[in-house]
Amino acid sequence: MNKQKVYNTIHYVLLIVLALATLLPVLWVVLSSFKPQSELFRVPLTFLPQKWTLQNYVSSLQAGNFPVYFSNTVFVAVVSTFITVMVNLMAGYALAKYIFKGRNLIFTIMIATLMIPLQVIMIPIFLQLKNFGMLNSLWGIIIPPAATPTGVFLARQYLVNLPDSLIEAARIDGAKEYSIFFRIILPMSKPIVATIAIFSFMWRWNDYLWPLIVITDNKKQTIQQALANFVGQLQINWSDLLAMTTIAIIPVIIVFLAFQRFFFSGIAAGSVKG
Amino acid sequence: MKKILGILLILVLVSTTVFAAGTKEETGKDVTLSVLWFNDANEDEIFLNTIDDYLQANPHVKLDMQIVAYSEYDQKLKLMISGGNPPDVARITTNTLSVVVDSLEPIDNHVADIEAVKAQFLPSMVAFASNTKGEFVAYPTEATANGMLINKSAFDKAGIDVDEVSKDWTWSEWESIVKQVVAANPEMKYGLTVDFTPHRFSTLMYQFGGHFLNKDQSNMEFNNPGTIAAIKWFKHVHDAGLVPKSVWLGSENPAELFQAGLVAGHIGGSWNINTYNKNVTDFEWKAVRMPKAEINSSVPGGKFIASFKGSKNQEEAFKLMEAFADKAHNEMYSRDTFNIPSRVDAQVTYPSNSDDFEVFLEELKVTPAFTANEWKNTNLSKVTTYIREQIVEVLLGNISAEEAVTNVDKKGATYFK
Amino acid sequence: MKQHTKGNFHQTAAPLLFLLPNILIFGLFIIVPAIQGLRMSFTEWGVFTTPRFIGFANFVELAQDTVFWKTFSNTIVYSLFTVSLIMVYALALALLLYKNTIKGEKIFRSLFYIPSLLSMITVGIAWRFILGDEMGIINYLLRQSGGSGIPWLTDGNLAMVSIIGVSIWAQAGYYMIILIAGLQAIPLELYEAATIDGASTTKTFTAITLPLLRSTLLVVMVLSTIASFKAYELISVMTKGGPGYATKLIVQQVYQVAFLEDRMGYASAMSIVLMLIISIFTLVQFKFTGKEQDYE
């Protein structure tokens with residue numbers, strides 16, 4: 001029994017040390033957002049603020065359009081997540097539960113495109129968006145990234161494991177294909193829906209390159225762009241930057257905590273069988 | 001059949017929303033000017049404040065400020081121009097000028113007497129803003145100069161009268177003086193820090209008698225005795241521990257090091273005055289004349305506003321810019337952003353630091369004119385990042401200064417073909 | 001088990017219609033631009049000039065471009081170390097946290113996952129404050145206790161170590177979650193049987209856990225490899241590719257050539273090479289783990 005206790009203690013200590021090491025940088029950013037700018041660069045450096053101030057938050061919230069950036073990013077993340085989930089789930093379903101010519105080819109191409117760095121195709125994408133009139137529009141950052149191969153991959157893996165018998169039974173009963181999808185598959189896909197939703201929300205929330213390519217209009221920018229704007233040609237506006245960074249972390253954490261339960265079972269089913 | 005139609009219908013609806021990312025129609029006389037802008041501090045607010053009287057007097061004009069991060073500014077502008085919808089007005093740096101100069105709408109086409117207009121501004125600024133055809137393509141707003149800001153308290157503690165010694169000093173004199181300063185101040189570690197940009201480095205290069213291009217800017221000529229001497233000297237001060245390695249090798253921010261009291265001097269520029277005013281509370285600082293090697297020199301620079309060929313609302317754009325560049329507005333803007341005005345007739349009374357501005361103006365006055373011609377050269381602008389990388393290679397000890405300049409000339413030559 | 005088509009209209013049309021939105025978006029906004037990118041690699045093209053067809057000249061130039069090959073080797077080094085270390089670390093964390101036996105396990109999982117939620121720019125900024133030579137926290141503490149600072153970001157080799165370390169810090173939580181799921185799917189009876197047979201912990205691990213974890217490990221390996229080849233924002237913020245070329249990856253060079261040196265064609269050629277490398281890596285990984293993608 002003692003051996004077990006020792007083992008447990010080591011286990012705990014190890015976890016706590018690692019967790020601290022993992023969180024300290026984040027904590028530092030958050031705490032620094034409450035320091036006045038002059039304190040940030042004073043030596044000796046401080047961890048906890050010597051002088052707590054909300055000035056950074058006040059000035060960055062006033063400085064411009066912050067509520068607009070925030071609502072833009074929320075809109076983009078939520079709508080894009082919704083589209084992503086639907087589109088990826090449907091695609092995953094097609095690849096998982098039907099046989100048809102070209103199925104493997106399509107799947108391979110999708111995975112292969114994961115390898116293309118966005119910088120590489122930035123200019124052609126820009127020109128393409130221009131042709132479709134989606135430049136400088138939030139739809140330009142909602143729709144193109146929605147067909148993410150990772151989402152399709154996860155959806156397919158998950159759906160492959162759903163029992164065919166349900167589908168066959170429904171067909172025998174004369175149900176139409178889309179009805180099967182919406183009335184049977186969808187309800188059974190809660191875990192993977194939650195998984196894709198969390199990932200998609202997080203990716204769109206943290207997107208930087210896409211909005212950079214597409215959006216110029218100040219009123220349509222997203223939070224990540226706003227953060228980058230604080231880095232000027234000649235100097236960096238640290239106080240506003242840190243405050244906004246802290247605020248920007250919160251929604252993602254909230255979404256994660258909310259969907260967490262489904263998350264684990266979703267990834268499990270999605271990636272274990274392969 | 002029905003369900004196929006159903007799905008098709010959904011797809012059609014989705015695609016129509018895609019295409020409905022509409023454009024705004026301008027009705028009647030009302031004009032909304034798109035203004036592309038980037039900030040160092042809060043220049044956009046000051047701009048709007050300054051131009052407010054013009055907007056009040058012209059209620060049919062509205063401004064749509066579009067702020068872009070500086071690091072992506074040039075790329076963004078290029079994308080917009082190549083995409084066929086450039087902004088009506090854009091804030092332009094000298095760097096950006098060299099990139100987009102051929103896409104700018106010449107002011108010549110919009111004023112009666114272009115020579116009279118040009119005469120209103122500093123000659124170096126006019127030189128920057130002239131294209132290869134001699135047309136004047138951008139209104140200068142603020143002028144910037146590189147210069148040296150020092151930690152006066154540190155010099156005092158070492159018993160050195162910095163105003164006296166800096167009147168006409170050389171870099172060798174500077175070296176022995178600054179060693180005393182560092183020795184007298186236990187918290188201070190270095191004598192100098194230089195911003196991690198080719199522009200700031202070129203201050204040293206010009207002072208050592210070097211240059212980037214040949215006499216008529218038709219080809220690279222980075223390989224010259226002055227440039228080589230400058231690079232070697234730069235390596236020497238790094239190796240001697242007078243300059244922190246973490247700036248040019250580790251991208252640490254030099255202004256932050258200066259504010260923390262770790263370095264005795266900072267080769268930055270007139271724009272640092274504003275920041276240091278706000279952030280430096282622990283010691284006294286001021287601008288002093290830079291040492292010389294062969295010559296005294298700074299590097300001219302500045303910002304402009306310009307409009308583009310193909311901009312939608314050119315007439316109104318030019319009226320706005322003309323107003324913003326006139327004496328009253330230029331003075332107000334320069335005063336509030338703590339910058340040097342670009343107009344020769346501007347009289348700016350700064351709330352503080354007028355001595356510091358005097359120093360920068362002095363530096364600008366002795367700067368040779370060819371420096372502006374180099375920095376506005378489009379081909380050079382494509383090689384500057386490579387130049388910076390090669391200098392770092394020398395600092396790292398991977399190659400010699402001679403090899404570095406040879407590499408640069410080789411690479412640069414391909415752009416001048 | 002697979003669904004067999006009965007050759008009737010609904011079954012053939014249905015999958016394609018389900019796929020259609022995805023393929024439409026995908027095709028229009030990824031595939032078509034990618035093909036454009038391929039075409040661009042055979043041209044000399046500045047943003048304001050018209051493209052000029054030059055055949056394979058870009059690729060020939062690439063073969064002799066020492067800077068490119070430096071970024072190439074950096075990319076390989078970065079990917080190899082990041083991927084292998086992430087897998088080890090994520091697996092270790094997962095092993096510590098999958099059994100559901102410890103109080104607060106769910107909280108720990110969330111804590112380790114938090115770095116993955118941050119944008120790479122945020123991560124870069126935070127770690128610059130920590131690792132900065134003069135102003136960084138670690139060096140400050142070292143100097144306070146009488147030591148001297150370590151050039152985390154100023155020395156070529158250390159800078160590479162730093163960005164690898166930070167990348168692991170930022171992403172391990174994400175892969176830990178995937179591995180936890182994989183571990184939880186292994187039936188307990190197998191472990192019980194092994195204990196009855198008197199197997200040691202190591203033997204249980206190698207004989208039961210690892211083999212059954214293989215497909216999950218493959219997923220982690222592939223995803224982390226692809227991510228490592230695309231690492232851009234983190235390095236830009238932390239080291240700008242420096243010192244010198246020490247931490248410059250192919251992606252940084254692509255961006256610089258395309259936008260700062262204004263040679264989109266040449267940059268496209270570089271990207272083609274990058275994509276080929278990624279493909280080879282991925283294929284090797286598939287073969288190495290002895291498992292092809294399940295396609296039936």
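Structural remarks
- Annotation: of all residues in the range A:115-132 being open to solvent by 30 Å² or more (accessible area, probe 1.4 Å) and free of Cβ contacts under 8 Å to residues at least 40 places away in the same chain, the one that is farthest from the other protein chains (Cβ to nearest Cβ) is A:131.
- Picking from residues in the range C:252-270 that are buried (at least 24 other Cβ atoms within 10 Å of the Cβ) and within 8 Å of chain A (Cβ to nearest Cβ), the one that is nearest to the chain's Cα centre (by Cα) is C:254.
- Filtered residue count, the range A:180-220, keeping only those that are within 26 Å of residue A:260 (Cβ to Cβ) and either at the interface with chain C (Cβ under 10 Å from one of its Cβ atoms) or touching a helix residue (DSSP H, G or I) at 6+ places or on another chain (Cβ under 9 Å) (or both): 24
- Considered as a group, the residues in the range C:192-211 that are free of Cβ contacts under 8 Å to residues at least 12 places away in the same chain and β-branched (Val, Ile, Thr) include one that is nearest to residue C:179 (Cα to Cα), and that residue is C:206.
- Scanning the range A:19-43 for residues that are without any contact (Cβ under 8 Å) to a residue 12 or more places away in the chain, more than 7 Å from chain C (Cβ to nearest Cβ) and either open to solvent by 60 Å² or more (accessible area, probe 1.4 Å) or under 31 Å from the mean Cα position of the chain (by Cα) (or both) yields a total of 5.
- Summed over the range C:101-141, residues that are hydrophobic (A, V, I, L, M, F, W, C) and within 14 Å of chain B (Cβ to nearest Cβ) total 9.
- Extreme residue, farthest from residue A:221 (Cα to Cα), among residues of the range B:83-94 that are within 8 Å of chain A (Cβ to nearest Cβ) and more than 14 Å from the chain's Cα centre (by Cα): B:84
- Tally of residues being open to solvent by less than 40 Å² (accessible area, probe 1.4 Å), assigned to a helix (DSSP H, G or I) and within 7 Å of chain C (Cβ to nearest Cβ) across the range A:89-105: 5
- Scanning the range B:145-165 for residues that are within 19 Å of residue B:269 (Cα to Cα) and open to solvent by 10 Å² or more (accessible area, probe 1.4 Å) yields a count of 2.
- Selection from the range B:342-366 of residues that are at pLDDT 90 or above, among the charged types (D, E, K, R) and over 21 Å from residue B:296 (Cα atoms): B:343
- Set C:228, C:167: member being out of contact with any strand residue (DSSP E or B) (no Cβ under 9 Å at 6 or more places or on another chain), buried (at least 21 other Cβ atoms within 10 Å of the Cβ), more than 12 Å from every other protein chain (Cβ to nearest Cβ) and within 18 Å of residue C:86 (Cα to Cα): C:167
- Residue in the range B:63-78 that is touching a Ser or Thr at 6+ places or on another chain (Cβ under 7 Å), in the same structural domain as residue B:104 (by TED's automatic domain parsing) and part of a loop (DSSP other than H, G, I, E, B) present: yes
The values are calculated or read from the model by the stated rules, or taken from the named source; none is laboratory data. This structure is a prediction, so every number in the text was calculated from the model and none was measured. All Cβ positions, even for glycine, are placed from backbone atoms using ideal geometry, and neighbour counts span all protein chains on display. Side chains are part of the model used for accessible areas, which takes the heavy atoms of the whole protein and leaves out ligands, DNA and RNA. Shrake-Rupley method; radii C 1.70, N 1.55, O 1.52, S 1.80 Å.
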